1. Which of the aspartates and glutamates could a cross-linker span from residue 574 if the Cα-Cα distance has to be under 12 Å and same-chain partners fewer than 8 positions apart are dropped?
2. Taking the 0 to 90 degree range and rounding to the nearest ten, how far is the long axis of helix 414-424 tilted relative to the main principal axis of the chain, both from C-alpha atoms?
3. How far is the Cα center of region 391-417 from the Cα center of region 119-169, in Å?
4. To make sure I understand, if each residue's beta carbon is the centre and we count other beta carbons within 10 Å, what order do 509, 495, 551 fall in, fewest to most?
5. Taking a 28 Å limit on the Cα-Cα distance, which of the listed pairs 109/360; 29/339; 376/407; 380/537; 82/109 fall beyond it?
6. Can you tell me the 0 to 90 degree angle between the C-alpha axis of helix 506-520 and the longest principal axis of the chain, rounded to 10?
7. Ordered by packing density, taken as the mean number of other Cβ atoms within 10 Å over each peptide's residues, highest first, how do 28-40, 241-253, 531-543 rank?
8. For the chain, what is the calculated [θ] at 222 nm in deg cm²/dmol (nearest 500), taking -39500 (n - 2.57) for each run of four or more DSSP H residues and dividing by its residue count?
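We did not get these values from a lab; they are worked out from the coordinates using the rules stated. Since we're looking at a predicted model, the values are computed, not measured. Cβ placement follows ideal geometry from the backbone for every residue including glycine, while neighbour counts extend to all protein chains displayed.
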Amino acid sequence: MGQSTETTDWVSRYADEVIEESERRTPGKPVVVASGLSPSGPIHLGNLREVMTPHLVADEIRRRGYEVRHLISWDDYDRYRKVPNGVPGIDESWAEHIGRPLTSVPAPKGSPHPNWAEHFKSAMIDALAELGVEFDGISQTEQYTSGVYREQILHAMRHRADIDAILDQYRTKKAPTGKKQGQKPVDEAELEAAEGSGAAAEDDGTGSAGYFPYKPYCGGCNKDLTTVTAYDDDITELTYTCTECGFSETVRLSEFNRGKLVWKVDWPMRWAYEGVVFEPSGVDHSSPGSSFQVGGQIVGSIFGGKQPIGPMYAFVGISGMAKMSSSRGGVPTPGDALKIMEPQLLRWLYARRRPNQSFKIAFDQEIQRLYDEWDKLNAKVADSTALPADIAAHSRAVRTAAGELPKTPRPMPYRTLASVADITAGHEDQALRILSDLDPTNPLASLDEVRPRYDKAEAWINTQVPAEQRTVVRHEPDVELLKSLDDQARESLRLLMDGLDSNWSLDGLTHLVYGVPKVQAGFPPDATPKELPPEIKSAQRSFFALLYHLLVGRDTGPRLPTLLLAVGADRVRKLLGA
Ligand SMILES: [Zn+2]
């Protein structure tokens, strides 16, 4: 069960700490880690860190043979705060539901799901399944409305003065009151995403009749715009009035199930109730008065529990999410990422960075470089030349304690697949032919061998690459341009075409396209830059531009070796004027 120090990465270190702490708190019991997600709208890709951080730690603990529960608390009994922008199937009439529980708001039109919360949970659950994340989902609506927290609610009401005193230490400090998923907003869409994820500036329960940590949803309008006006501890009678519809009633908390503890009391209550040992939260909650810090005081002095080990995770950004393709108003979700990348790659991004390091998830050209890096790591792991920390991150990306994630049988380079998908524009027979040419001794029997990676690359091309950057291979040679070429240019094309057949691979063609200008200048094709005059660089640039113009009618495009492979030798010869 011990880990050698050489393979220790951040995940292993947290696993050590969490196992030790769990054994101390509840010897012999399953280890409990937790995440919280608010399905108040599309769940932002940035919030995936809330799940991946405990997932990776839980998975390491499982690999060591311990039993682990990874709870995902669906905060679906939170109030509906605002109508998010860019969600299809809704209109301004959804505003009338503001203040109701997320599970009491209708789902967007056309949704197969029974309510707002279920609609957005569902997409996240699908993404987590593809990512291999094993979890126990807990609906807070189900918990509260079935009276699961009855004792905890009555206890909190009995000790409301103590809770009030704790909260009061922070009230003057103008502390952030947002929930833990708040992401640092970078633009308007991000801001909406953060708010949509539950960064509620919620009131903490203070009212004119005193402090009450419990808020009922109104019996008239089902909104939380209620004020508790009286409470009797002995008989648990609670009276509230609604500022929205004027409804008022007196209920007995010993049997009433339509309300919830305020967030700053709710969160620590659940730490104690579930025995959570590890639960991370966003960096914006490291400040004094944050719900994590206040919760730490409340869980101990009110609920007799302990604060979990709670690392603060840094912001995860997105690079180049094309606005045009955003199906959800500029807010990418984990599902959007999984349309363009395999789950292994996404897992790897989280596994290789410590939670306090921020990073970006690439929706732009950078995804191709990232995939190159990933393929290199796979090769290094396969021939045992990878570094221990890289091996650890790789292992966490490709498998869980339950086994290997489904993978692409023949993982051809993503940029090659993307170029082929770009050039063939949905013609699968053509794509199969081109990909088979890459290795004629071992041709592809079917595109299934390169799936799902091919499908992800194709989706990336179709949804993230703007029309003006798409590659359209010429159907006919550019006769005018060919006619205008001088002898040297003609000679360069001849050298290239002569070398095509004997260099028909990515490496071979790379060597060939860089080698032609060297040979023309009287150097061997494998001469290194140090052996060459600087003019070679500009000769190479002009040669490449000429090839792009003749092949795709622009001065740039996909990498030339990839483009040549994708176009095919016969068509290359036709377009270069053979
Ligand atoms: Zn009401």
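1. Candidates past the 8-residue exclusion: 476, 478.
2. Compared with the principal axis, the helix lies near 70 degrees.
3. Between the Cα centres of region 391-417 and region 119-169 lies a distance of 34 Å.
4. On the way: 509 21, 495 17, 551 25.
Starting with the residue having the fewest Cβ neighbours, the order is 495, 509, 551.
5. Working: 109/360 33 Å; 29/339 38 Å; 376/407 16 Å; 380/537 31 Å; 82/109 17 Å.
Violating the 28 Å limit, Cα to Cα: 109/360; 29/339; 380/537.
6. For helix 506-520, the angle is close to 50 degrees.
7. Numbers: 28-40: 22.3, 241-253: 15.3, 531-543: 13.5.
Output ranking for 28-40, 241-253, 531-543: 28-40, 241-253, 531-543.
8. On the way: 22 runs with 251 residues, N = 578.
Taken over the chain, the calculation gives -13500 deg cm²/dmol.
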